[in-house]
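Values in this text are rule-based calculations from the coordinates and carry no lab data. Everything numeric in this text was worked out from a predicted model, so none of it was measured. Reconstructed Cβ throughout: ideal geometry from the backbone, glycine too, with neighbour counts over all protein chains shown.
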Amino acid sequence: MIKISVPATSANLGVGFDCLGLAVSLYSAASFEPYDVKLTISGCAPKYQSEDNLIYRAFVKGCQFLQKDVPNVKITIDNHIPISRGLGSSAFCIVAGLMGADAWFDGGLSKEQLLDLATEIEGHPDNVSPAIYGNLGASFIDENEVQTVHFEVAADLHFVALIPDYQVSTEKARQILPKEMSYQTAIYQIGHAVALSKAFEIGDLKLIKSAIVDKMHEPYRSQLIPDYQAAKEICQDNAGVMYISGSGSTMMAITTDGDAADKIISNIKKSFPNWETHHLSVDTKGATAI
């Protein structure tokens, strides 16, 4: 049996819209083993137990790239990454499927090839890059070629995933954004994104708090999260800073104090008892075969 573990990923990080992504210590896994029928899938809702399943589609893509016949396969999913909450659930599926095919045939895919294939399926690299490599990644596509740069993240940074009991429509999250922005805003975003990447490397929370403040998407997408302001105030009152993870609805708090992270969780649970919370660290390894 082949088992692939993939970390959750948090994209955008405030000012890094559609280019920055961070791997965190929340994991889902998919197992692959030979079976006597074409496909069986367990561990997910019945509506996902078909050939349209994203893990299987990525598995097929990997087989085709390796020029191998797609085998009969049983896929067992052990999922801990909430679906459609801004924590890279689709990146998990894609990376797990591709790596499952590679391990099945001992294909020897490089991480660069894996990233290219994953980006082709996902359409953008900001989640799949940290899912594959771990740590913090800055990614872009230049003339159809995926480029990614990796930053180590200071070990003393604590992350708290605040996961509401409701989703934000990705379509609405795109539609609500303005169609254009000023040079002044573009300059602001570039300078802050560069500073933020360095702040994560050195663990400078004061710099993170200053550099993470976004003008491109959060002022608009926060309108789609009814409890955004209340959650933000809880984080700020407990020595943390908060940003929207991906397009939401998850929000991610950052602090350098483990006790502060626990206080954020405690206060969030008091105010929003139905929310899911996770005290996390950065994942440094990315997806692995286990």
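Summed over qualifying helices (DSSP H, 4 residues or more, each -39500 (n - 2.57)) and divided by its residue number, the chain shows a 222 nm mean residue ellipticity of -11000 deg cm²/dmol.
Across segment 264-277, coupling constants 3J(HN,Hα) worked out from phi with the 6.51/-1.76/1.60 Karplus curve, θ = phi - 60°, read 4, 4, 4, 6, 5, 5, 5, 7, 9, x, 8, 6, 9, 10 Hz, and Gly and Pro carry x.
What the Cα atoms of segment 73-138 give is an Rg and a Dmax of 11.9, 35 Å.
Counting only alpha carbon atoms, the long axis of helix 228-237 and the longest principal axis of the chain meet at about 70°. Couplings 3J(HN,Hα) of segment 122-130, computed from phi: 6, x, 7, x, 5, 9, 5, 4, x Hz, in residue order, whole Hz [Karplus 6.51 cos²θ - 1.76 cosθ + 1.60, θ = phi - 60°; x for Gly and Pro]. Between the C-alpha center of segment 108-152 and that of segment 160-237 there is a gap of 22 Å. Sequentially through segment 203-214, phi angles give Karplus couplings (6.51, -1.76, 1.60; θ = phi - 60°) of x, 8, 5, 4, 5, 4, 4, 7, 7, 7, 5, 9 Hz, Gly and Pro residues having no value and appearing as x.
Take the Cα of residue 179, go 7 Å toward its beta carbon, and none of the backbone nitrogen atoms of segment 189-222 fall under 14 Å from that spot. When each of 169, 129, 90 is scored by the number of other beta-carbon atoms lying within 10 Å, the sequence from fewest to most is 169, 90, 129.
Once you order the gyration tensor axes a ≥ b ≥ c over the Cα atoms, which shape class does segment 166-220 get: rounded for a/c under 1.5, otherwise prolate or oblate by comparing a/b with b/c? Because a/c hits 1.5 or more and a/b fails to exceed b/c, segment 166-220 counts as oblate. Give the shape of segment 158-280 as rounded, prolate or oblate, defined through the alpha-carbon gyration tensor: a ≥ b ≥ c are the square roots of its eigenvalues, a/c under 1.5 means rounded, and otherwise the shape is prolate if a/b is larger than b/c and oblate if not. Because a/c hits 1.5 or more and a/b fails to exceed b/c, segment 158-280 counts as oblate. The charge dipole of the chain, taken about its Cα centre with unit charges on the Cβ atoms of Lys, Arg (+1), Asp and Glu (-1) only, comes to about 560 debye. Computed from the C-beta positions of residue 213 and residue 45 and an R0 of 45 Å, the FRET efficiency is 0.75 to the nearest 0.05. Listing 51, 201 from fewest to most neighbouring C-beta atoms within 10 Å gives 51, 201.
For segment 12-97, what class follows from the C-alpha gyration tensor (a ≥ b ≥ c being the square roots of its eigenvalues): rounded when a/c is under 1.5, otherwise prolate if a/b is larger than b/c, else oblate? Walk me through the intermediate numbers first.
Details: a/c = 2.61, a/b = 1.73, b/c = 1.50.
The shape class here is prolate.
According to the Kirkwood relation over distinct C-alpha pairs, the hydrodynamic radius of the chain is 19.4 Å.
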